[in-house]
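All remarks here apply to the structure that follows.
The values are calculated or read from the model by the stated rules, or taken from the named source; none is laboratory data. The structure displayed is predicted, hence computed values, not measured ones. Using ideal geometry, Cβ is built from the backbone for each residue, glycine included, and neighbour counts are taken over all protein chains shown.
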Amino acid sequence: GENVEQHPSTLSVQEGDSAVIKCTYSDSASNYFPWYKQELGKRPQLIIDIRSNVGEKKDQRIAVTLNKTAKHFSLHITETQPEDSAVYFCAAPGGNTDKLIFGTGTRLQVFP
Amino acid sequence: DVKVTQSSRYLVKRTGEKVFLECVQDMDHENMFWYRQDPGLGLRLIYFSYDVKMKEKGDIPEGYSVSREKKERFSLILESASTNQTSMYLCASSPKPHTGELFFGEGSRLTVL
């Protein structure tokens, strides 16, 4: 089945700097890669996703890139702000079902 | 707005007790999921259901069972709770065809003493 690895587990940046979180996946048939943000005490929420027919997608200060050959995808946050502090999870489909397999999460701290 | 409601935010149970965690969604979604969240381990899938009375095992089903008698309700059952089942449990739902987005509940923090 699908296996998703995520790095780093923690990331501390100064406000205004960029943050990058990387994930790898194992199933070459996977075609959809979402990213979820979980603020402290809140539920995970989808912030951006990318499908396998594109290499990059941007939404304001966040972007995702996908390298299908290497089977890895990344989340890029530019001009970080304290409200970006949260745990971020990458995910990939688990086989030919609608389930998602999640990475182990990255705790991002943005210091003012 | 999609609403996924978990019946209990916090529960404290004793080893050996039977525990029911209830989840209800109001968006007529076909898919429902139970995940367990532990620090450093991320979100691990316990069970999911793609239709009423249908269920499939996830990655860590041992010690758990589920029930989906109605489309809107998906229950997670711990037949005999153990201390290693102390965790945060997250329910989620998604429509068919799958858009890719899961809608999560607020979570149920279970402590087993």
Quiz item: Could we say that B:Thr99 is farther than 22 Å from A:Ala86 by Cα and within 11 Å of chain A (Cβ to nearest Cβ) here?
Solution: yes
Exercise. Considering each residue of the stretch A:70-85, count those that are more than 17 Å from A:Lys57 (Cα to Cα), surrounded by 15 or more Cβ atoms within 10 Å (Cβ to Cβ) and among the charged types (D, E, K, R), and give that number.
Key: 1
Quiz item: If we scan the stretch A:68-75, do we find a residue that is within 12 Å of chain B (Cβ to nearest Cβ), assigned to a loop (DSSP other than H, G, I, E, B) and in contact with a strand residue (DSSP E or B) (Cβ under 8 Å, 6 or more places away or on another chain)?
Solution: no
Quiz item: Quick one: how many residues across the stretch A:22-63 are within 14 Å of another protein chain (Cβ to nearest Cβ), among the basic types (Lys, Arg) and either surrounded by fewer than 16 Cβ atoms within 10 Å (Cβ to Cβ) or assigned to a strand (DSSP E or B) (or both)?
Solution: 4
Self-check item: When residues of the stretch A:86-112 are limited to those that are of a type in the set (Gly, Ala, Ser), surrounded by 20 or more Cβ atoms within 10 Å (Cβ to Cβ) and in a loop (DSSP other than H, G, I, E, B), the one farthest from the other protein chains (Cβ to nearest Cβ)
Solution: A:Gly94
Exercise. Would you check which residues across the stretch A:3-27 are of a type in the set (Asp, Glu) and either more than 18 Å from B:Leu43 (Cα to Cα) or in contact with a Leu (Cβ under 9 Å, 6 or more places away or on another chain) (or both) and list them?
Key: A:Glu15, A:Asp17, A:Asp27
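Give the residue, chosen from B:Val66, B:Val112, that is within 13 Å of the chain's Cα centre (by Cα) and aliphatic (A, V, I, L, M). If you could, list the steps in order and put the result at the bottom.
Working: B:Val112 fails: within 13 Å of the chain's Cα centre (by Cα).
One residue alone meets the criteria, B:Val66.
Test B:Leu76 against the criterion of being touching a residue at least 40 places away in the same chain (Cβ under 8 Å) and either among the hydrophobic types (A, V, I, L, M, F, W, C) or touching a Cys at 6+ places or on another chain (Cβ under 6 Å) (or both), and give yes or no. Give the steps one after another, and end with the answer.
On the way: touching a residue at least 40 places away in the same chain (Cβ under 8 Å): yes; either among the hydrophobic types (A, V, I, L, M, F, W, C) or touching a Cys at 6+ places or on another chain (Cβ under 6 Å) (or both): yes.
Against the criterion (touching a residue at least 40 places away in the same chain (Cβ under 8 Å) and either among the hydrophobic types (A, V, I, L, M, F, W, C) or touching a Cys at 6+ places or on another chain (Cβ under 6 Å) (or both)), B:Leu76 qualifies.
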Quiz prompt | Qualifying positions in the stretch B:79-111 - surrounded by fewer than 20 Cβ atoms within 10 Å (Cβ to Cβ) and more than 25 Å from A:Ala92 (Cβ to Cβ) | solution = B:Glu79, B:Ser80, B:Ser82, B:Thr83, B:Asn84, B:Gln85, B:Thr86, B:Arg109, B:Thr111
Quiz item: Which ranges mark the strands (runs of 3 or more DSSP E) fully within the stretch B:3-86 that have 2 or more residues being on the phi < 0 side of the Ramachandran plot and within 12 Å of chain A (Cβ to nearest Cβ)?
Solution: B:4-6, B:31-38, B:42-51, B:54-57
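Would you mind finding the one in B:Arg73, B:Arg36, B:Arg68 that is basic (Lys, Arg), over 18 Å from B:Thr111 (Cα atoms) and touching a Phe, Trp or Tyr at 6+ places or on another chain (Cβ under 9 Å)?
Values: B:Arg73 fails: touching a Phe, Trp or Tyr at 6+ places or on another chain (Cβ under 9 Å); B:Arg36 fails: over 18 Å from B:Thr111 (Cα atoms).
Residue meeting the stated conditions: B:Arg68.
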Quiz item: So which residues in the stretch B:87-113 are outside any loop (DSSP other than H, G, I, E, B), closer than 25 Å to A:Gly1 by Cβ and hydroxyl-bearing (Ser, Thr, Tyr)?
Solution: B:Ser87, B:Tyr89, B:Ser93, B:Ser94
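Looking at B:Gly40, B:Gly58, which is the one that is at pLDDT below 95, closer than 30 Å to A:His7 by Cα and loosely packed, with under 14 Cβ neighbours inside 10 Å?
On the way: B:Gly58 fails: loosely packed, with under 14 Cβ neighbours inside 10 Å.
Unique residue meeting the criteria: B:Gly40.
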